[in-house]
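Just so it is clear, none of the values below were taken in a lab; they were calculated from the coordinates. Predicted, not measured: the structure shown is a model, and the values here were computed from it. Reconstructed Cβ throughout: ideal geometry from the backbone, glycine too, with neighbour counts over all protein chains shown.
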Amino acid sequence: MQNASIIKTYHSPLWLKALSILLPTSFACLATSATNVAIPHISGYFGSTTDEANWIITSYMIANACLILMSGWLENIMGRKRLLKVFISIFTIGSLICAIAPNLNLMVFGRLIQGIGGGPMTPISQAILLEAFPKDKKGIAMSLYGLAVMVFAILGPTFGGFIVDNADWQWIYLVNIPIGILSISLIHANIENQEVRKKIEKTDYIGMISLIFWLLSMQIVLDKGQQYNWFDCAWISWLAGFSAFTLVFFIIWELECKNPLINLRLFKDKNFFIGTILSSSVNMLVFSTIVLLPQFLQNMMGYTAILSGYVLAPRIISCVFMMLIINSLMQIFDNRILIATGFLFLGISTLFFVNINLSVSFIYVAIPQVLMGVGVILTFIPISALVLGTLPKSELSNGASLHNLCKSAVTAVVASIASTLVARHSQIHQVYLVRNLSNFNIVFQEKLSSLIHTFISNASTNYANTKANFYLYKSLLTQSRLMAYVDVFAMFALIAFMLIPLAFYLKVENTKK
């Protein structure tokens, strides 16, 4: 039995309503990606290892993913306006804890609180915009949503790099405090509750607990797998098995439960299923470059944090430009053509990095970012408008929650798998390249003799010989890692091209009126 109560509605201008919901959402996305750049500085500040400091990212992602999936359920319990005000407050408190944390443990706790607070913002903002904007302006609504979610996430490394190179890393979190206070005021004044509040007859605690166990175990496996050589480690193998079991249990339970935490049967909707695959793939392609490119530039090219952030800046500029015209394009062209073209741009931009080397210029690395930004908007905005478009209004919040959870899970997996692929392929290339460091290789012997002759002027023969061999071996490791980056970028480019035909399986409504 359902009890319903009518909630008072407000009639704020659309732009003010959009600003109210997107302001906290954008800064939540900004803080997430900006933290990744600051990890070396934070670990140095607390005197911890990089592996220990990675829990700063892990704790946020686990809490964020759990709350993303629970946001539709929480909205039914608390009401939209109260939910937003409560969780923006939680996010702001978490930011304050991060900024004043005296040790790593409290920092991790602050990020956990931040993740709890930031979780519901993304799906709820998408649902609000789709409800508030008329059909012929869905493109504008999703352009604004893309600005908050995708563009600010891309801006994160540039923002974080600027902060850590010019001020204390704590400002990454301090800036969220006044934004949080302002956002609560705007939400109170301009966002209405959903018209009908549903009373939940029974809370799905089993589904909630299994979800948390799955996400927690999966994230630990992803974070620690490479460090402990994956399934060669017994506890990693057991934990991976436990993660798989809890995922299967969660799916079966949610399908059979009378009052599920999330309605997995939404995947029966063709647009929702295909749109979630495509949108998750966009996240995979975008965030793989956000993870790998700064690593390559800082570790192999010697770029500073802010300079590696500047490389991604052209992506932001092209994103913003495309958002100015994407609504017009969506009115003129079949959205499936736009999505397919977007994946073509994503594939071409990623393919550029197949030709990187240690002498590559700043401009060569920056130019593909322009193409990447065009591809992101051509895919992300039309997909966001279509993926929930065929769902009933009563399922928009649940659909947005499930959709965003899938994207978050894919992002977490890709962030780990991409780095693992680089490490593994680097080892493979070492096996092949080391064969060239042989006494039977004339080129190697000539290069070795030349280096020994160079070093011997200031040292003994034994020292010069050792130094020359070490120099050549270091060059081998560098070349192996470079070739590994090339392999991984080629893989992601191939995936982008393979996804182009899938766009035409989406159902598109005619909005040209």
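A compact table of results
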read-out: Between helix 55-78 and the chain: long-axis angle, C-alpha atoms, 0 to 90°, nearest 10; value: 10
read-out: Diffusion constant of segment 46-124 at 20 °C, which comes from Stokes-Einstein with the Kirkwood Cα-pair radius and 1.002 mPa s, µm²/s; value: 168
read-out: Label-point gap, in nm, between residue 413 and residue 231 - each point 7 angstrom along Cα→Cβ; value: 1.5
read-out: Net +/- balance of residues flanking residue 249 in space, Cβ distance below 14 Å, scoring K and R +1, D and E -1; value: -3
read-out: Environment charge of residue 86, counting only residues whose C-beta is closer than 14 Å and scoring Lys/Arg +1, Asp/Glu -1; value: +3
read-out: Cut-off under 5 Å, modelled amide H: who pairs with residue 303 long-range; value: 298
read-out: The chain: angle of helix 362-387 to the longest principal axis, Cα-based, in degrees nearest 10; value: 30
read-out: Inter-probe distance in nm under a simple model that places probes 7 Å from Cα toward Cβ, at residue 434 and residue 45; value: 4.0
read-out: Cα-based Rg of segment 75-204 normalised by 2.2 N^0.38 Å, two decimals; value: 1.20
read-out: For segment 105-122, 3J(HN,Hα) per residue [Karplus equation, 6.51 cos²θ - 1.76 cosθ + 1.60, θ = phi - 60°, Hz, x = Gly/Pro]; value: 4, 6, 4, 4, 4, x, 5, 4, 5, 4, x, 4, x, x, x, x, 5, 5
read-out: Taking the convex hull of Cα positions in segment 228-357, its mean projected area over all directions (nm²); value: 12.8
read-out: Vicinal HN-Hα couplings computed from phi for segment 325-339 (Karplus, 6.51 cos²θ - 1.76 cosθ + 1.60; Hz; Gly/Pro x); value: 10, 5, 5, 5, 5, 5, 7, 8, 9, 4, 4, 5, 5, 4, 5
read-out: Within the chain, helix-based [θ] at 222 nm, where runs of 4 or more DSSP H residues each add -39,500 (n - 2.57), nearest 500; value: -26000 deg cm²/dmol
read-out: Table column - 3J(HN,Hα) (Hz), segment 260-270, Karplus curve with 6.51, -1.76, 1.60, x for Gly and Pro; value: x, 4, 9, 8, 5, 6, 4, 5, 5, 5, 4
read-out: Neighbour net charge for residue 216 - beta-carbon separation under 13 angstrom, K R +1, D E -1; value: 0
read-out: Scattering profile of the chain at q = 0.12 Å⁻¹ [log10 I(q)/I(0), Debye over alpha-carbon scatterers]; value: -1.14
